[in-house]
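The values are calculated or read from the model by the stated rules, or taken from the named source; none is laboratory data. A quick note: this is a predicted structure, and the numbers were derived from the prediction, not measured. Cβ: placed from backbone, ideal geometry, glycine included. Neighbour counts: every protein chain shown.
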Amino acid sequence: MNIRKIHHVAYRCMDAKQTVEWYQKHLNMGFVLAIAEDAVPSTKAPDPYMHIFLDAGGGNVLAFFELPNAPAMGRDPNTPEWVQHIALEVDTVAELETTKARLEAEGIGVIGPTDHTLFKSIYFFDPNGHRLELAANTATPEMLKKLDEVKWDMLNEWAQTRRAPRHAAWMHEKEFSATG
């Protein structure tokens with residue numbers, strides 16, 4: 001078996017129409033498809049829902065379920081809100097900065113740009129409370145090669161110690177040299 005791509009990623013929303021309109025307005029995502037059922041196809045349980053699909057570019061689809069009969073939405077209280085997020089790629093840092101200004105002008109709080117060495121990103125929340133990240137790649141081929149060479153060493157050390165390995169400490173040094 002070979003995985004071709006992610007078909008879609010699905011999250012819950014409070015209001016399907018509001019969600020479609022928000023993603024269209026703020027992230028220019030196209031509305032692809034809506035499916036509504038009175039029962040869950042896989043389990044046959046009676047539970048009406050609206051399932052919406054949005055074009056996240058490059059053949060990627062972001063989907064949401066509105067579940068009117070389910071308890072109110074929540075999030076995992078044991079996981080920090082910065083961990084669970086949807087990261088979407090944009091073309092340039094300039095586009096990232098323009099989007100930040102546009103979102104803030106609409107009253108949406110934005111954190112960043114944050115420099116992650118390999119990319120810069122901004123963070124904000126959608127109307128359902130999902131944290132979103134927009135990222136613009138800034139990595140050089142040399143940076144990516146260096147990280148590729150140590151990925152297994154880092155993972156294996158982490159698995160043994162549960163402490164951050166220093167194999168890629170160069171990413172956080174002020175004076176980075178792609179050759180050093």
Filtering region 2-35 down to residues that are among the aliphatic types (A, V, I, L, M), over 16 Å from the mean Cα position of the chain (by Cα) and at pLDDT 95 or above yields M14, A16, V20, V32, L33, A34, I35
Could you name every one of the strands (runs of 3 or more DSSP E) located completely within region 9-83 that has at least 3 residues being touching a helix residue (DSSP H, G or I) at 6+ places or on another chain (Cβ under 6 Å)?
46-55
Long-range neighbours under 7 Å by Cβ, at least six apart or interchain, first residue at pLDDT 95 or above within region 94-106, second assigned to a helix (DSSP H, G or I):
L103/H26; E106/H26
List pairs: first residue in region 40-64 and acidic (D, E), second residue in a strand (DSSP E or B) anywhere in the structure, Cβ distance under 9 angstrom, at least six positions apart or on different chains.
D47/E37; D47/D38; D47/A39; D55/F31; D55/V32; D55/V61; D55/L62
Has region 52-63 got any residue that is among the aliphatic types (A, V, I, L, M) and touching a Cys at 6+ places or on another chain (Cβ under 8 Å)?
yes
Please go through region 113-127 and pick out each residue that is surrounded by 13 or more Cβ atoms within 10 Å (Cβ to Cβ) and either assigned to a helix (DSSP H, G or I) or in contact with a Lys or Arg (Cβ under 7 Å, 6 or more places away or on another chain) (or both).
P113, I122, Y123, F125
